[in-house]
Structure formats: C-alpha cells, structure tokens
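Right, one structure below, let's go through it.
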Amino acid sequence: MLSSDFEVFYYSDKDFKTLSPHAHDYYECYLFLEGDVVMEIQKSSGDMLEYKMTPGDLMIVPPGISHHAIMQESDDYYRRFVFWISRDCCNRLMEESVDYMYLMQRAEAFKKYIYHLAPAQFHQVESKFLRLLEETSGERYASDAFRHICLCDLILTINRVIYDEEHQHGGNDELTLFQNILSYVEGNLEATLSLDDVAAQFYVSKYYVAHLFKDTLGISLHQYIIKKRLSECRDAIISGGSITGTYERFGFRDYSSFFKAFKKEYGMSPKEYQNIYRNDIHTNDSK
C-alpha cells in the first residue's frame, strides 16, 4: 500500500495469474463481483480454509492473515473492488466512534472473514465503493474533505448492512450497550475486566451482559477479552516488543496462562511466532 491511510481499486482481469499466499500489514476489504474464484484464507491452526466466491460476497482480512485468490476458469472475467486501510487510520476513526470497527474486530477476534450480501445490500455497498473510487481518482475542490466523508460512508455502510442482517431483532438500546462495552474493553485491557466488573460499569445485570455477548458474537465476554488481549500481544511482540512486558501490559497475570492461551489461539509459542514473523520480514526485505 503506497498511501499511509487507505487505497481503493476496481479490477477486471481476463487472464488472472494466481498469486502465492500473502499477508498485509493493513486491513483488506474485498467485494467480489464476478469470476470462477476460490479464496483461500489462513485458519488459526495455520491451515488454509477454502471459500467458493459468489457475486455479492464481502471479505474482510485483518493484518497478518495469509490469503490468496485462485482462478478456476481463466476464460472468465475476474472482477472485484479492493479497499485497503492502515491500522493508524483505523485507530483515528476509532477515536471518533467504535462503530467503524465492528467487522474488523469480528475478523480479528473470531476469524469471521466472509459475508454474503443480498442484492439490495450489495448495490448499496457497491455504490459506496464507486463513490470513494471516483473521489480518489481526481483532484477537485475540497477533495480531501470529500474523500474522508466517502471513506467513513463506505466503512459505516458495510458495518451497518452486516450488523442489521445479523441482528434483525435487536433494539437500538442493545446495540448501543454492546458497542459501549466493546469500547470499554478496548480501553481497559490491562484491568481485571470480570463479568461482574463490566456489568457494574454499565449498571446492568451480569446475566444480561453474558447473553448479549453469546447472542451477538457466539462466545462469552471472557473469551472475547482473551482474544482481544492475545491480538494486542501478538501485534506488540511482532513489532519487537518484549514478550514479558507485553503480556503484563495487556492484562495477563502470569506467563503460564498467557503462554497456554497464545499457543491455543495461534498454534505456537509467543517466541516461535515472533521469530517466524521476523524471519518473514528479513526474507521479504532481501528480495
């Protein structure tokens, strides 16, 4: 990615050459339009999971997750929109609202990468891609301001259409509470963050919070917190941070529990993960 914030592209290939599995240091959002394509995405175990893409599929790939598209029939056109956005840009948007990161958080924490959009949703999202692409393709009056508006519009629209589809029976109060809890957890990973503590912070029953997380994400609040802590620890140690200082910083009380949780989530020890990532960087830099 050349830009420090985001880039958006439209591709239409007749003779697409399959790339090797690769990962980015930014988020990728991909809207599939046409083609005989299988997408392979890395699972937490390190194996690759295959998805047969259909028009209207939306994919969110977090940084560090290996993936690639395989063209099954080279005579077909392969058409898609691709949107890249940096972590720094996402963090700035998060300062405005946690709403921007709903799908990105789900992708990182729960390995939920692909959604299928109904026709009405697909055309709505496609129009936002086109608007952002148009705004980034030229220089007009107030281009920077309009690009930011279009960027926010695209991200929020994607999050809204998926959330609405998956929470058709949820009310606005429940949505607000859930998003506020996510924001609170994000900002307090070093704290205890027990179910009782979080419930008391928002003056609701701990049973309500427990059901809210199970119904919304399919896992418990505790599991969500562990996944968020592990994600932050992983990012810190591959950036050169001390493993000991990192697990203490993000709320793990002892190395043993951190080690077990990390190995269960990523299939290797923290040190092994750090060494592999560094070797990959050195290999890429030498090319």
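The values are calculated or read from the model by the stated rules, or taken from the named source; none is laboratory data. Everything quoted here is computed from the prediction, not taken from an experiment. Here the Cβ positions follow ideal geometry from the backbone for every residue, glycine too, while neighbour counts run over all protein chains shown. Heads up: the accessible areas ignore ligands, DNA and RNA and are worked out on the full protein's heavy atoms, side chains in. Shrake-Rupley method; radii C 1.70, N 1.55, O 1.52, S 1.80 Å.
Overview of results
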{"quantity": "Residues of the stretch 138-190 classified as touching a strand residue (DSSP E or B) at 6+ places or on another chain (Cβ under 9 Å) and surrounded by fewer than 16 Cβ atoms within 10 Å (Cβ to Cβ), total", "calculated": "2"}
{"quantity": "Subset tally (residues that are among the hydroxyl-bearing types (Ser, Thr, Tyr) and touching a Phe, Trp or Tyr at 6+ places or on another chain (Cβ under 7 Å)) for the stretch 31-53", "calculated": "1"}
{"quantity": "Given (1) at pLDDT 90 or above; (2) open to solvent by 40 Å² or more (accessible area, probe 1.4 Å), number of the condition Arg253 does not satisfy", "calculated": "(1)"}
{"quantity": "Helices (runs of 4 or more DSSP H) completely within the stretch 131-201 that count 2 or more residues being more than 20 Å from the chain's Cα centre (by Cα) and over 28 Å from Leu31 (Cα atoms)", "calculated": "172-187, 195-201"}
{"quantity": "Residue match in the stretch 187-207 (condition: of a type in the set (Ser, Thr, Tyr) and under 20 Å from Met104 (Cβ atoms))", "calculated": "no"}
{"quantity": "Residue match in the stretch 260-276 (condition: open to solvent by less than 80 Å² (accessible area, probe 1.4 Å), over 23 Å from Pro63 (Cα atoms), assigned to a helix (DSSP H, G or I) and at pLDDT below 85)", "calculated": "no"}
{"quantity": "Criterion (in contact (Cβ under 8 Å) with a residue 24 or more places away in the chain, of a type in the set (Phe, Trp, Tyr) and closer than 30 Å to Gln121 by Cβ) met by exactly one of Tyr208, Tyr224", "calculated": "Tyr224"}
{"quantity": "Residue match in the stretch 125-136 (condition: at pLDDT below 90 and open to solvent by 40 Å² or more (accessible area, probe 1.4 Å))", "calculated": "no"}
{"quantity": "Residue in the stretch 102-119 that is over 30 Å from Tyr266 (Cβ atoms), part of a helix (DSSP H, G or I) and not small (Gly, Ala, Ser) present", "calculated": "yes"}
{"quantity": "Matching option when the condition is open to solvent by 70 Å² or more (accessible area, probe 1.4 Å), among the hydroxyl-bearing types (Ser, Thr, Tyr) and within 24 Å of Ile41 (Cα to Cα), among Tyr77, Tyr113, Tyr102", "calculated": "Tyr77"}
{"quantity": "Test: Ile85 is at pLDDT 95 or above, out of contact with any Leu (no Cβ under 6 Å at 6 or more places or on another chain) and closer than 22 Å to Phe110 by Cβ", "calculated": "yes"}
{"quantity": "The lone exception for Ile238 - which of (1) under 30 Å from His167 (Cβ atoms); (2) touching a residue at least 60 places away in the same chain (Cβ under 8 Å); (3) of a type in the set (A, V, I, L, M, F, W, C); (4) in contact with a Lys or Arg (Cβ under 9 Å, 6 or more places away or on another chain) it fails", "calculated": "(1)"}
{"quantity": "Strands (runs of 3 or more DSSP E) completely within the stretch 1-71 that count 3 or more residues being surrounded by fewer than 16 Cβ atoms within 10 Å (Cβ to Cβ) and either at pLDDT 90 or above or at negative phi (or both)", "calculated": "6-13, 48-52"}
{"quantity": "Test: residue in the stretch 201-219 that is at pLDDT 90 or above, open to solvent by less than 50 Å² (accessible area, probe 1.4 Å) and of a type in the set (S, T, N, Q)", "calculated": "no"}
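Yes or no, residue by residue, for (1) more than 16 Å from the chain's Cα centre (by Cα); (2) charged (D, E, K, R):
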site	(1), (2)
Ser12	yes, no
Lys17	yes, yes
Cys29	no, no
Gln42	no, no
Glu50	yes, yes
Gly56	yes, no
Phe81	yes, no
Arg87	no, yes
Glu95	yes, yes
